[in-house]
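J.: After the structure tokens below, expect a handful of questions from me.
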Amino acid sequence: MVALTLQARAAPGPSTDDAIDVVVLNPVAGREDARAATALLSDAERHRASRFVFDRDRDRFIVARARLRQLLGARLGTRPESVALVYGAHGKPALAPWLADSGLRFNLSHCDDVTLYAFSRGHEIGIDVEAVRVMPDADAIAARFFSQCEQQAYRALEPRDRPLGFFQCWTRKEAFIKAIGDGLSYPLDRFDVSLTPVEPAKILRVEDTPGDGCGWRMESLSPAPGFVAAVVIGDRE
Ligand SMILES: CC(C)(COP(=O)(O)OP(=O)(O)OC[C@H]1O[C@@H](n2cnc3c(N)ncnc32)[C@H](O)[C@@H]1OP(=O)(O)O)[C@@H](O)C(=O)NCCC(=O)NCCS
């Protein structure tokens, strides 16, 4: 397991503690790990685990969720089993209200054997990770899900740069909709993100507001060879 601390670029206005604490778990699971980890889960989580069709997916969920409880417990000074979670209207997990007073916020993302956890103090946060790969239907997906501005930037890329550009765009958009908690109920054409290899990770626009004033900031990282990830954090508590 690797722990990273990203310092989000300084926000205009009063200074805030905007460190982003990212933990990378890779590889996630083996059968023995999952057996031991089950003890840390709640009844509801065990029930969810029992509904996975494939053993491998179930084991990954169990280990990743137990690790989330351990990471939250260590930051809250409580036992992993005592961490209570609630879910937003679109499924975003959060600490139960009596623990949320700690200010701790988190989000997580899985891809293959890599799980990323992001933590912050007092700022909503979203994270997404993907393996960069060639997808035959990437152009069609970009045409359907990317905003006009993103589609233009994507189409202008050299063919060799497109897989990276595609997944940079995808993870950045996902990290944003996960930070706000709306998931895919937030229309993906209402905001633009940077995606080319030469630009820093950035929110360029949210609805009618330029990215710099939108209240959210973005960082990118490469958590493992062949993977890209993005984190979005709120400016205000
Ligand atoms: C659920 C969703 C929020 C992310 O799903 P995903 O990218 O498939 O999966 P990830 O591994 O990145 O994230 C899953 C984790 O996000 C968290 N999560 C679930 N709903 C969430 C929400 N509304 N907001 C933030 N986080 C959420 C959960 O912790 C979940 O992991 P867990 O179930 O093990 O606890 C949602 O955006 C989705 O279904 N996306 C589909 C992909 C897509 O079409 N993207 C278009 C981008 S251009």
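The values are calculated or read from the model by the stated rules, or taken from the named source; none is laboratory data. Being a predicted model, the structure only gives us computed values, none of them experimental. When we count neighbours, we look across all protein chains shown, and the Cβ atoms used for this are built from the backbone with ideal geometry, even at glycine.
J.: Of the numbered conditions (1) touching a helix residue (DSSP H, G or I) at 6+ places or on another chain (Cβ under 9 Å); (2) near the ligand (Cβ under 8 Å from one of its atoms); (3) in the same structural domain as Pro225 (by TED's automatic domain parsing); (4) closer than 26 Å to Pro93 by Cβ, Gly181 fails exactly one; give the number of that condition.
T.: Exception for Gly181: condition (1).
J.: Give me the pairs, please: first residue somewhere in region 183-200 and within 16 Å of Met218 (Cα to Cα), second residue anywhere and within 14 Å of the ligand (Cβ to nearest atom) and among the acidic types (Asp, Glu), beta-carbon distance under 8 Å, and either six or more positions apart or on two chains.
T.: Close Cβ pairs (under 8 Å, with a partner that is within 14 Å of the ligand (Cβ to nearest atom) and among the acidic types (Asp, Glu)) amount to Asp192/Glu150; Val193/Glu150; Leu195/Glu150.
J.: Next question, about the same structure. Before we move on, is Arg48 in a helix (DSSP H, G or I) and of a type outside the set (A, V, I, L, M)?
T.: Against the criterion (in a helix (DSSP H, G or I) and of a type outside the set (A, V, I, L, M)), Arg48 qualifies.
J.: Take residues that are closer than 14 Å to Arg65 by Cα and near the ligand (Cβ under 8 Å from one of its atoms) and tell me which of the strands (runs of 3 or more DSSP E) falling wholly in region 77-116 contain 2 or more.
T.: Result: 104-111.
J.: May I pose another question? Considering only region 89-102, I want to know if a residue exists there that is on the phi < 0 side of the Ramachandran plot and buried (at least 21 other Cβ atoms within 10 Å of the Cβ).
T.: No, region 89-102 has no match at all.
J.: Out of (1) touching a residue at least 60 places away in the same chain (Cβ under 8 Å); (2) touching a Pro at 6+ places or on another chain (Cβ under 9 Å), the odd one out for Gln70 is which?
T.: With respect to (1) touching a residue at least 60 places away in the same chain (Cβ under 8 Å); (2) touching a Pro at 6+ places or on another chain (Cβ under 9 Å), Gln70 is out only on (1).
J.: Which residues, taken from region 176-223, are surrounded by 12 or more Cβ atoms within 10 Å (Cβ to Cβ), out of contact with any strand residue (DSSP E or B) (no Cβ under 8 Å at 6 or more places or on another chain) and hydroxyl-bearing (Ser, Thr, Tyr)?
T.: Tyr186, Thr196, Thr209
J.: Follow-up question, since we're still on this one. Among the strands (runs of 3 or more DSSP E) confined wholly to region 194-237, which include 3 or more residues that are farther than 26 Å from Glu158 by Cα?
T.: The strands (runs of 3 or more DSSP E) meeting that bar are 227-234.
J.: Here is a further query. Within region 143-151, does at least one residue satisfy the condition of being more than 16 Å from the ligand (Cβ to nearest atom), more than 14 Å from the chain's Cα centre (by Cα), in a loop (DSSP other than H, G, I, E, B) and not hydroxyl-bearing (Ser, Thr, Tyr)?
T.: no
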